[in-house]
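Beneath this line is the structure, given in structure tokens, with notes to follow.
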Amino acid sequence: MLIANPNATRGAYPEDLRALMNTQLADENRAWLSTWSHLSGSATPLWDMPGLARQLGVGQLLIKDESVRSDLGSFKALGAPIALLRLILRRFPEHDFEPRALLAGKHRDALADFSVISATDGNHGRALAAAAQSIGCRCVIVLHAHVSQEREQAIAAYGAVIVRIRGNYDDSVQEAAALAARNGWTVVSDTSYERYEEIPRDVMQGYGTIAAELIEAGGPFTHVLLQGGVGGLAAGVVSYFWERCGADRPTFIVVEPRQADCLYQSALAGHPTRASGSVDSVMAGLACGETSPLAWKFLAGGVDHFMTIEDEAAVSAMRQLAAGAAGDVPLVAGESAAAGLAGLAQLMASAPLAAQVGLDGNSRVVLLSTEGATAPDLYAELVGSTAEAVLQRQRAWLQAR
Ligand SMILES: Cc1ncc(COP(=O)(O)O)c(C=O)c1O
């Protein structure tokens with residue numbers, strides 16, 4: 001399913017959006033995080049995939065590999081720590097904390113009684129837990145029934161207290177809000193809701209680093225495919241490109257699981273709304289039923305097309321990337337990471353769809369591989385080999401070059 005966004009614009013970046021997210025703040029975030037022990041000190045690789053590009057029929061295919069952003073396994077390591085830092089700076093102005101010193105744990109004694117809480121599908125909670133551990137404050141993570149045991153263990157490893165509930169992601173968001181109100185804790189969520197925008201804004205702003213690195217790596221790019229959960233990743237990346245490139249920004253295409261299509265439905269409705277399906281998807285990070293209203297402010301005019309894919313297409317894209325199909329470098333891409341390739345394959349398999357979004361043999365396309373094997377057992381089951389085996393193939397491929 002594909003729709004063109006009737007409200008997409010190519011004008012200059014609007015001032016009201018700049019007041020919410022801007023490249024100056026995004027670049028400041030990037031500088032703050034550059035010393036955090038959980039982040040790789042350099043830009044993530046932008047792999048050229050000439051074999052896949054030829055197979056699909058585009059001019060160039062570039063994949064930004066966020067699996068190596070952090071030992072936390074996903075791009076979400078760029079968001080939660082920034083939101084937590086900015087929250088602490090706002091909450092304790094009298095201390096005059098320095099952000100890098102906070103991340104190095106130098107103020108843990110002053111923050112030992114400060115508690116944050118969040119619901120999560122996995123990656124955001126893991127990043128928040130790790131940031132809280134580095135800073136030295138308390139962290140509680142609420143998990144819904146579909147979050148796997150191995151994802152729970154990965155979060156608990158960073159010292160977070162885990163609360164399990166029945167129900168789905170949306171129920172866990174409500175439970176986190178209720179626990180926070182009862183205990184005087186602060187919710188650090190990656191999705192916004194009524195009268196709760198500042199913290200999710202900071203999370204999204206953190207993702208701007210991905211766009212900054214892409215621009216530095218050398219544009220222009222004609223198309224960027226962005227997978228959508230609540231819309232935060234897409235908003236953070238779109239906003240940065242829009243402000244920097246204005247009318248020359250790439251064409252943005254948002255890809256979601258068919259049964260968790262809240263952004264697609266929002267584009268149809270012209271305002272933030274709910275998914276039309278069961279929400280559950282193998283793409284755990286994209287299995288979100290409700291659009292973040294704050295993210296929607298950026299997607300409403302900044303995204304050109306919205307599309308949905310099937311779970312099987314994402315799994316087949318994971319396998320293709322792991323195999324190093326068509327002679328390209330083998331990549332470890334988790335369930336949510338492979339959505340962009342699945343979306344591109346769907347578009348290129350149909351001449352009318354490719355024409356609708358302007359994809360052809362001259363296109364320079366960017367995909368974001370947003371996570372590695374963040375659920376290693378599930379990854380091995382779906383792909384048929386472990387992430388370590390794929391990385392071994394990657395090393396051999398690089399040596400043979
Ligand atoms: C690996 C991965 N990719 C993409 C997303 C989508 O991000 P957002 O919910 O901000 O749209 C998520 C969200 O958790 C994720 O974990």
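Here segment 101-147 is the region considered, the condition is being among the polar types (S, T, N, Q) and within 16 Å of the ligand (Cβ to nearest atom), and the residue that is farthest from Thr191 (Cα to Cα) is Asn123.
Look at (1) touching a helix residue (DSSP H, G or I) at 6+ places or on another chain (Cβ under 7 Å); (2) aliphatic (A, V, I, L, M); (3) in a helix (DSSP H, G or I) and you find that Ala130 fails only one, number (1).
Taken across segment 131-143, residues that are in contact with an Asp or Glu (Cβ under 7 Å, 6 or more places away or on another chain) and either open to solvent by 50 Å² or more (accessible area, probe 1.4 Å) or touching a residue at least 12 places away in the same chain (Cβ under 8 Å) (or both) do occur, with at least one present. Residues in segment 226-263 that are near the ligand (Cβ under 10 Å from one of its atoms) and of a type in the set (Phe, Trp, Tyr): none.
Where helices (runs of 4 or more DSSP H) sit wholly within segment 281-377, those with at least 2 residues that are more than 15 Å from the ligand (Cβ to nearest atom) and charged (D, E, K, R) occupy 311-323. Across segment 74-100, what is the number of residues that are at pLDDT below 95 and either within 16 Å of the ligand (Cβ to nearest atom) or closer than 21 Å to Ala157 by Cα (or both)? Residues in segment 74-100 being at pLDDT below 95 and either within 16 Å of the ligand (Cβ to nearest atom) or closer than 21 Å to Ala157 by Cα (or both): 0 in total. Taking every residue in segment 230-254 that is within 15 Å of Arg18 (Cα to Cα) and among the hydroxyl-bearing types (Ser, Thr, Tyr) and pairing it with any residue that is away from the ligand (no atom under 16 Å from the Cβ) and part of a helix (DSSP H, G or I), at least 6 positions away or on another chain, the pairs with Cβ-Cβ distances below 6 Å are Tyr240/Thr23.
Is one or more of the residues making up segment 133-148 assigned to a helix (DSSP H, G or I), within 22 Å of the chain's Cα centre (by Cα) and either more than 24 Å from Thr35 (Cα to Cα) or not assigned by TED's automatic domain parsing to the domain that holds Ser37 (or both)? Checked against the condition, which is being assigned to a helix (DSSP H, G or I), within 22 Å of the chain's Cα centre (by Cα) and either more than 24 Å from Thr35 (Cα to Cα) or not assigned by TED's automatic domain parsing to the domain that holds Ser37 (or both), segment 133-148 yields at least one hit.
Every residue in segment 17-48 that is in a helix (DSSP H, G or I) and either in contact (Cβ under 8 Å) with a residue 40 or more places away in the chain or surrounded by 19 or more Cβ atoms within 10 Å (Cβ to Cβ) (or both), please. Before you say what the answer is, go through the steps one by one.
Within segment 17-48, the subset in a helix (DSSP H, G or I) is 17-18, 23-33.
Leu17, Arg18, Thr23, Leu25, Ala26, Asp27, Asn29, Arg30, Trp32, Leu33, listed by residue number.
Quick one: in segment 149-204, which of the residues that are farther than 20 Å from Ile88 by Cα and of a type in the set (Gly, Ala, Ser) is modelled with the lowest pLDDT? My answer is Gly167.
The values are calculated or read from the model by the stated rules, or taken from the named source; none is laboratory data. Source: prediction; values computed, not measured. Note that we place each Cβ from the backbone using ideal geometry, even for glycine, and neighbour counts take in every protein chain shown. Keep in mind that these areas ignore ligands, DNA and RNA; they rest on the heavy atoms of the full protein, side chains included. Shrake-Rupley method; radii C 1.70, N 1.55, O 1.52, S 1.80 Å.
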